[in-house]
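One structure below.
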Amino acid sequence: MHMKVQDVMTTDVASVHAGTPFRDIAELLIARAVGAVPVVDGDRRVIGVVSEADLLRREEFREQYYREGYRPPLRARLRARLGQQGGARAKAAGETAADLMTSPAVTVTAGTTTVAAARLMDEHGVERLPVVDAEGRLRGIVSRHDLIKTFVRADDDIEREVRVEILGRSLRADTSGVGVHVHQGVVTLTGQMDRRGDARTAVRMTRRVSGVVDVVDELRWKEDDATTWSGG
């Protein structure tokens, strides 16, 4: 079914503490080629995030690491215009991670689905999320780039999941007559099942598999139970 954050997240993640100086944060972002770092306390619990956009409010960061006249991304400029100017001014004068960070941080757990993580990123206008355990301790980070990987799975991997997880385990029906073919993420289901409702369920569940672009339904059935089947 849907892949989880733990399947795509990065575990070798850089982090800083509340007292980490501005310049050290800037150098870390550049050295790691990342757009943000989590801020953690002494127990590795995530207390905030410092992003490139936060640092770009500092004139010296723009001039030293980019160029004079650099403009932050459009999303960052729009947020500044929508009532966050006061916070932006405070961050522009910030000297440590505690001054610069956005807190509380938007986080996910390793068991969160990649779909839910993507929706959370879109809702909060961020490009990466710290991954934490049940106690809020940092386990990794997941980015938009990581989530894109779920849509470029190998056809063989998708076919295996459909055959094993959907047809072999999830459906309580005879699937021995069902054929599965995958090409560039498009799954074609062929063959015959006993009931129309089970065939519709097989198609619906296949659509939910990570990496599936589309499903071509060529399934036939022996019994049309549409009047009694309660599925959607």
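Look at G231 and say whether it is on the phi > 0 side of the Ramachandran plot, modelled with pLDDT under 95 and not in a helix (DSSP H, G or I). Judged against the criteria, G231 is not a match.
The residue of the stretch 110-141 that is nearest to S15 (Cα to Cα), among those that are among the small types (G, A, S) and touching a residue at least 40 places away in the same chain (Cβ under 8 Å), is G140. Looking across the stretch 201-226, the residues that are buried (at least 18 other Cβ atoms within 10 Å of the Cβ), small (G, A, S) and at pLDDT below 90 come down to S210, G211. Between E95, E68, the distinction of being at pLDDT 80 or above and more than 22 Å from the chain's Cα centre (by Cα) belongs to E95 only. Residues that are among the hydroxyl-bearing types (S, T, Y) and assigned to a helix (DSSP H, G or I) were ranked within the stretch 143-173; the one that is nearest to G191 (Cα to Cα) is S170.
Residues in the stretch 174-191 that are in a strand (DSSP E or B) and touching a Gly at 6+ places or on another chain (Cβ under 6 Å): V178, G179, T190, G191. The residues on offer are D194, D198, and the sole one that is modelled with pLDDT of 90 or more, assigned to a helix (DSSP H, G or I) and in contact with a Lys or Arg (Cβ under 9 Å, 6 or more places away or on another chain) is D198.
Yes/no matrix, rows are residues, columns are (1) in the same structural domain as S51 (by TED's automatic domain parsing); (2) loosely packed, with under 14 Cβ neighbours inside 10 Å; (3) not acidic (D, E):
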site: R119; (1), (2), (3): yes, yes, yes
site: D122; (1), (2), (3): yes, yes, no
site: S143; (1), (2), (3): yes, no, yes
site: R169; (1), (2), (3): no, yes, yes
site: R172; (1), (2), (3): no, yes, yes
site: V186; (1), (2), (3): no, no, yes
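For the stretch 111-142, enumerate the residues that are closer than 25 Å to D41 by Cβ and hydroxyl-bearing (S, T, Y). Result: T112, single match.
The values are calculated or read from the model by the stated rules, or taken from the named source; none is laboratory data. As the structure is a prediction and not an experimental result, all values here were calculated from the model. Reconstructed Cβ throughout: ideal geometry from the backbone, glycine too, with neighbour counts over all protein chains shown.
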